[in-house]
Amino acid sequence: MSDGPGDAAPLRAEALAHLHNHRVMTLATVGAEGVWATAVFYVNDGFDLYFLTAGHTRHGRNMGTRADIAAAIQEDYRDWDDIKGIQLEGAVVMLAGEERDTAVTLYSQKYPFIAQADAPMQAALAKVNWYRLRPERLYFIDNSKGLGHRDEVDLRG
């Protein structure tokens, strides 16, 4: 297992491609009721990840009291050697104003069915909170390079 930084540019490009080509991330949060995990659709702009959720959900309440969370993005693989994915930790913020509008636009571009949702769904979408998860540490897992192989992606540049 290589937990250190990999070759920066190709590794960053591979991690960004993985983010772009996937849709679901599993969030890990903690709050008054303990730890919690949930899957959400996301869209990325670089390494920033945007998603929506209702504030009354357990993970929504957790994020309201503790901004540091973790997430994982991967497929449902059949063979260990095929596993590729991302593990990350970072800070989440609820969006407002122009940044919220940008997140909604990006999300709608990735998920065009949002614009085609019926009236009850549109009303529900108007009430949800929009978030940005900005990773502080990100690892790209690639078991084709060895079981448990992961490289840290340098997020400073």
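The values are calculated or read from the model by the stated rules, or taken from the named source; none is laboratory data. Just so you know, these numbers come straight off a predicted model, no measurement behind them. No Cβ is skipped: glycine too gets one built from the backbone with ideal geometry, and neighbour counts run over all protein chains shown.
Points worth noting:
- Residues satisfying the stated conditions in segment 70-87, i.e. crowded, with 16+ Cβ neighbours inside 10 Å and either under 17 Å from GLU136 (Cα atoms) or within 16 Å of the chain's Cα centre (by Cα) (or both): ALA70, ALA71, ALA72, ILE73, GLN74, LYS84, GLY85, ILE86, GLN87
- Number of the condition not met by TYR111 [criteria: (1) within 14 Å of ARG23 (Cβ to Cβ); (2) at pLDDT below 95; (3) out of contact with any Phe, Trp or Tyr (no Cβ under 7 Å at 6 or more places or on another chain)]: (3)
- Any pair with Cβ under 7 angstrom, 6 or more apart, that starts in segment 145-157 at a residue that is among the hydrophobic types (A, V, I, L, M, F, W, C) and ends at one that is assigned to a loop (DSSP other than H, G, I, E, B): LEU155/PHE47
- Residue count, segment 48-69 (criterion: surrounded by fewer than 19 Cβ atoms within 10 Å (Cβ to Cβ) and not polar (S, T, N, Q)): 10
- Members of segment 126-157 found to be in a loop (DSSP other than H, G, I, E, B), of a type in the set (A, V, I, L, M) and farther than 16 Å from GLN74 by Cα, listed by number: VAL128, LEU155
- Residue check, ARG100 over 22 Å from ASP45 (Cα atoms), surrounded by 14 or more Cβ atoms within 10 Å (Cβ to Cβ), among the basic types (Lys, Arg) and modelled with pLDDT of 90 or more: no
- In summary, strands (runs of 3 or more DSSP E) completely within segment 27-100 and bearing 1 or more residues that are farther than 26 Å from ALA126 by Cα and free of Cβ contacts under 8 Å to residues at least 24 places away in the same chain occur at 34-41.
- In segment 103-124, the residues that are surrounded by fewer than 14 Cβ atoms within 10 Å (Cβ to Cβ) and either hydrophobic (A, V, I, L, M, F, W, C) or over 14 Å from TYR42 (Cα atoms) (or both): PHE113, ALA115, GLN116, ALA117, ASP118, ALA119, PRO120, MET121, GLN122, ALA123, ALA124
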